[in-house]
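The values are calculated or read from the model by the stated rules, or taken from the named source; none is laboratory data. All of these numbers come straight from a predicted model, not from anything done at the bench. A quick note on method: Cβ atoms are made from the backbone with ideal geometry, for glycine too, and the neighbour counts reach across all protein chains shown.
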Amino acid sequence: MLALSAAMRAVAAEPLLRPAVAVLEREVCRLTPAREATVIAIDRAGAVWTRDGSVISDEVHQLVTRVAGTGQRAAFGHALFEPIGGPPARAVLAVRRRPRDRFADDDIALVSALAGGVAATLNRLISARDLLAHAP
């Protein structure tokens, strides 16, 4: 519980979206046996953004949009997609494991708690990014 709390505080301490996302991705991998984590942010127009500029397939884009819109996690292959905040979420956390590894219930609960705990911070930073992108 202390590690989860420390991870949430570390994300909240970041003043900009890109470093906050980097901290969240690192912390979820540290706290779970995940191989990789990616935050996929969704702007008001429905476009997606990732910290590293990853290309998102149409299939994954649709899944992320559905998870964000419904607020319900989903699995795709060996990845878990967790909404960050209530519907409609502004971001989704994709957590990947090795193909044969399964997510245990306690891992899913931890990812869910972490995503919920950082939702307000990420929503604020995504909104600030949207404002900057549309500033005259």
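Annotations
- Hits in the range 63-101 (condition: within 19 Å of Arg30 (Cβ to Cβ) and of a type in the set (Lys, Arg)): Arg96, Arg97, Arg98
- Within the range 21-54, if we keep just the residues that are in contact (Cβ under 8 Å) with a residue 60 or more places away in the chain and out of contact with any strand residue (DSSP E or B) (no Cβ under 9 Å at 6 or more places or on another chain), the residue that is farthest from Asp105 (Cα to Cα) turns out to be Arg44.
- Single residue of the range 17-55 satisfying the filter (in a loop (DSSP other than H, G, I, E, B) and either polar (S, T, N, Q) or on the phi > 0 side of the Ramachandran plot (or both)) that is surrounded by the fewest Cβ atoms within 10 Å (Cβ to Cβ): Gly53
- Taking the criterion of being touching a strand residue (DSSP E or B) at 6+ places or on another chain (Cβ under 7 Å) and either part of a helix (DSSP H, G or I) or under 24 Å from Met8 (Cα atoms) (or both), the residues of the range 76-94 that qualify are Ala79, Leu80, Phe81, Glu82, Pro83, Ile84, Ala89, Arg90, Ala91, Val92, Leu93, Ala94.
- Just one residue in the set Ala74, Ala12 is closer than 15 Å to Thr121 by Cβ and either crowded, with 16+ Cβ neighbours inside 10 Å or among the hydrophobic types (A, V, I, L, M, F, W, C) (or both); that residue is Ala12.
- Considering (1) farther than 21 Å from Asp101 by Cα; (2) at pLDDT below 95; (3) over 14 Å from the mean Cα position of the chain (by Cα), the lone condition that Arg9 does not fulfil carries the number (2).
- Residue in the range 21-29 that is of a type in the set (D, E, K, R) and within 15 Å of Leu125 (Cα to Cα) present: no
- Within the set Phe103, Phe81, the sole residue that is closer than 21 Å to Arg44 by Cβ and either surrounded by 23 or more Cβ atoms within 10 Å (Cβ to Cβ) or of a type in the set (A, V, I, L, M, F, W, C) (or both) turns out to be Phe81.
- Residue ID - farthest from Pro87 (Cα to Cα), chosen from residues in the range 34-62 that are among the aliphatic types (A, V, I, L, M) and in contact with a Lys or Arg (Cβ under 8 Å, 6 or more places away or on another chain): Ala34
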